[in-house]
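Take a look at the structure below.
Just so you know, all these numbers are worked out from the coordinates, no wet-lab data involved. The structure displayed is predicted, hence computed values, not measured ones. Backbone-built Cβ (ideal geometry, glycine too); neighbour counts: all protein chains shown.
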Amino acid sequence: MEIATILALLFLAFIVTAIVKTARIVPQRSSYVVERLGKYATTLDAGFHLLIPFIDKVAYRHTLKEEAIDVPRQSCVTKDNIQVVVNGVIYLQVIDPKQASYGINDYRYAAMQLAQTTLRSVVGKIDLDKTFEERETINSQVVEALDEAAKPWGVKVMRYEIADIELPATILDALEKQMRAERERRAVVAQSEGERQSKINVSEGQKQETINLSEAEKQKQINEAEGKAKEIELIAEATARGLERVAAAIQNEGGKDAVSLRVAEQYVREFGKLAQTNNTMILPAELSDIGSAVAALTKTLDMTRR
């Protein structure tokens, strides 16, 4: 009875083991590599699968998701012989599970080692100053080299990113001094540029002010000249009209007598002024008689009228 029970239990265990080895459920975005009697048989995608018990076995399990692998810190020497410590992250993805299983023993470790050697080679070709400026160039060169090498592994290298670049303390101090000097130089240049622009603005303002003043003075002189010319023109016109009226009045009846009277009045008035300002006067004998002077002027008018 005990032997029968033991055999039944062994048979049950065999059945359970066979079922476990026969049924396989592959998760989403995963892939299993199956070997049959030690030789590659097939690749199982996501879903439910049945295997031959004790003949088929899952030899490798791969995730088809993109993986981020940390690349350890390493020392690199730049083109100008400065030692820097660089670490980064590599992103890769399995695209051929069979090649990833049989193309290389450990594609993750191989990718990390290749990333380190490629990074040392790339950094060694550039100067320290450009190491920080050309991160994208360094990343693209590392990805290009890794992707080419990883093709036989069934792995696609998506990208590589430099996480950090550490410099020696002496180099950091020198760079800080250089940056401080550069900032001071820029400040001096900016100040000098500001002063130069200020002087230019002042001189331009003075120049414009001088031009405006000269234009104003010119316009003033033009206006004054035009005013004087207009004044002379008006005086001449008024004088001409007055002379015309005087001449017309002389032609009228009694005009001659009026002119004679007017001349006599003007003569007496001016002679009186002259007598007030001077004690001694020398006059022609004929001008001492008012009547003679008026007669002479009247005669002149008659000759002019004729």
Practice prompt. Just flag the GluC sites (Glu not before Pro) in the stretch 1-98 sitting in loop per DSSP whose Cβ has no more than 16 other Cβ atoms within 10 Å.
Written response: E66
Discussion item. 7 Å from Cα along Cα→Cβ at both A216 and I3: what's the point-to-point distance in nm?
Written reply: 13.6
Worksheet, complete the sentence: Sorted largest first, the C-alpha extents of the stretch 4-134 along its principal axes in whole angstrom are 82, 27, 23
Discussion item. Give me the dipole magnitude in Debye, nearest 20, for the stretch 2-62 about the Cα centre, with unit charges on the beta carbon: positive for Lys and Arg, negative for Asp and Glu.
Written reply: 260
Fill in: Dimensionless Rg over Rh [the stretch 180-226; C-alpha; Kirkwood]
1.50
Worksheet item: Which of S31, S75 comes first, and how do the rest follow, when ranked by fewest Cβ neighbours within 10 Å?
Response: S75, S31
Practice prompt. Can you pull the one-decimal nm distance between simple spin-label points at N105 and A238, each 7 Å off the Cα toward Cβ?
Written response: 12.6
Discussion item. Which lysines, if any, have their Cα less than 26 Å from the Cα of K130, not counting same-chain residues under 8 positions apart?
Written reply: K79, K177
Worksheet item: Put a dot 7 Å past each Cα toward the Cβ at N201 and E136; how far apart are the dots in nm?
Response: 3.8
Worksheet item: Percentage of Cα-Cα pair distances in the stretch 67-167 greater than 20 Å, rounded to whole percent?
Response: 35
Worksheet item: Which whole number in µm²/s is D for the stretch 110-176 by Stokes-Einstein, with the Kirkwood Rh taken over Cα pairs at 10 °C and 1.306 mPa s?
Response: 121
Worksheet item: Using alpha carbons only, what's the Rg to Rh ratio of the stretch 2-62 with Rh from Kirkwood?
Response: 1.14
Worksheet item: How would you order 159-172, 216-229 from highest to lowest mean count of nearby Cβ atoms within 10 Å?
Response: 159-172, 216-229
